[in-house]
């Protein structure tokens, strides 16, 4: 046993993974990057998180915290340091069904949350992929499939439980530790380790889901028309569009989600999207919300989607911006650009109410350069 292993707290015996452990290959990396930490700690309780943080600090090595999801930025792992992986801290509990108040631990993933809440007819707008971890999303913002109807994930957080850098456990809400509560909603990575959230879910069982592929004009006109419609669409509609090239064509793969319990209500909100370009594929269905973030997404992250990713926000996506998006996907790098809808309930919140100040922007974009073949 190494010297470092000898200092592992008794509470974490068997919950530290180092190179050579059969579990290491599935815990070392993130979705977009391969990494080689010296150790990965797997606490199962808040008390063990405190012990894990103390142990990690004693090693005098870089520390990364992972909530269990795919960690798009790569910051949830490192090389040669210690990773505190919260994936075992994953309980979901309905505290008050009538008020829709739910306690969710940081290591849960959103597929687990959606499945646990479905019997109650409750949902939390939370990203677009079931494998995303709760902690990273619920501290950074949270642009989900119901974002325009119900706001960002952080807008529904009512309290948090945080382990500070010195190991102190603090509960923060609007009345207790309000500055910490403000910070955690939008800039949580700098506050400590958030181990649990109390989130106000909303009543919703089914949603209208339209999936279509549109051939986009090379001058950016189709992209511009997409954003123009979303800017004035009913707030029940939230959408994402992936813009990419295929041969000489520019295509937009659009998923539009309507917070409606019937197709009769959903179809009118989706219909204008069918006019923005030549429609190659289209279908609209009424689906249970968990279908959007299914358990099939709960795969380990082993650096399988390598590439260079950047993110940004458009206040408005004008003609020049739309042309730039189209050029990016047809240029030498053949980027893939994802556009998401904001506005609606997101912009109802004052810009200084949380640490996420971007309340006037309408369109975030994710720019991903295609990975180099290995």
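The values are calculated or read from the model by the stated rules, or taken from the named source; none is laboratory data. What you are looking at is a predicted structure, and each value in this text was computed from that prediction instead of being measured. Using ideal geometry, Cβ is built from the backbone for each residue, glycine included, and neighbour counts are taken over all protein chains shown.
Structure values in brief
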read-out	value
Residue match in the stretch 55-72 (condition: closer than 21 Å to residue 158 by Cα and either in contact (Cβ under 8 Å) with a residue 12 or more places away in the chain or surrounded by fewer than 19 Cβ atoms within 10 Å (Cβ to Cβ) (or both))	yes
Which numbered condition residue 166 fails, given (1) free of Cβ contacts under 8 Å to residues at least 12 places away in the same chain; (2) touching a strand residue (DSSP E or B) at 6+ places or on another chain (Cβ under 6 Å)	(2)
Residue 34 more than 18 Å from residue 90 (Cα to Cα) and either surrounded by fewer than 21 Cβ atoms within 10 Å (Cβ to Cβ) or modelled with pLDDT of 95 or more (or both)	yes
Qualifying residue in the stretch 77-88 (condition: in a strand (DSSP E or B) and free of Cβ contacts under 8 Å to residues at least 24 places away in the same chain)	no
Members of the stretch 272-286 that are loosely packed, with under 14 Cβ neighbours inside 10 Å and within 24 Å of residue 204 (Cβ to Cβ)	283, 285
Which numbered condition residue 230 fails, given (1) under 26 Å from residue 123 (Cα atoms); (2) touching a strand residue (DSSP E or B) at 6+ places or on another chain (Cβ under 8 Å); (3) in the same structural domain as residue 104 (by TED's automatic domain parsing); (4) buried (at least 20 other Cβ atoms within 10 Å of the Cβ)	(3)
All positions within the stretch 207-240 that are touching a helix residue (DSSP H, G or I) at 6+ places or on another chain (Cβ under 6 Å) and closer than 12 Å to residue 337 by Cβ	216, 220, 223
Test: residue in the stretch 252-264 that is under 27 Å from residue 159 (Cβ atoms), buried (at least 18 other Cβ atoms within 10 Å of the Cβ) and touching a strand residue (DSSP E or B) at 6+ places or on another chain (Cβ under 9 Å)	yes
Residue match in the stretch 297-315 (condition: surrounded by fewer than 22 Cβ atoms within 10 Å (Cβ to Cβ), over 30 Å from residue 25 (Cα atoms) and over 18 Å from the mean Cα position of the chain (by Cα))	yes
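A quick yes/no check of all residues on (1) at pLDDT below 95; (2) closer than 13 Å to residue 210 by Cα; (3) touching a helix residue (DSSP H, G or I) at 6+ places or on another chain (Cβ under 9 Å):
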{"site": "268", "(1), (2), (3)": "no, yes, no"}
{"site": "274", "(1), (2), (3)": "no, yes, no"}
{"site": "303", "(1), (2), (3)": "yes, no, no"}
{"site": "306", "(1), (2), (3)": "yes, no, no"}
{"site": "322", "(1), (2), (3)": "yes, no, yes"}
{"site": "329", "(1), (2), (3)": "yes, no, no"}
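Matching residues to (1) under 25 Å from residue 339 (Cα atoms); (2) more than 20 Å from the chain's Cα centre (by Cα):
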residue: 100; (1), (2): no, yes
residue: 108; (1), (2): no, no
residue: 128; (1), (2): yes, no
residue: 135; (1), (2): yes, no
residue: 150; (1), (2): yes, no
residue: 153; (1), (2): yes, no
residue: 161; (1), (2): no, no
residue: 174; (1), (2): no, yes
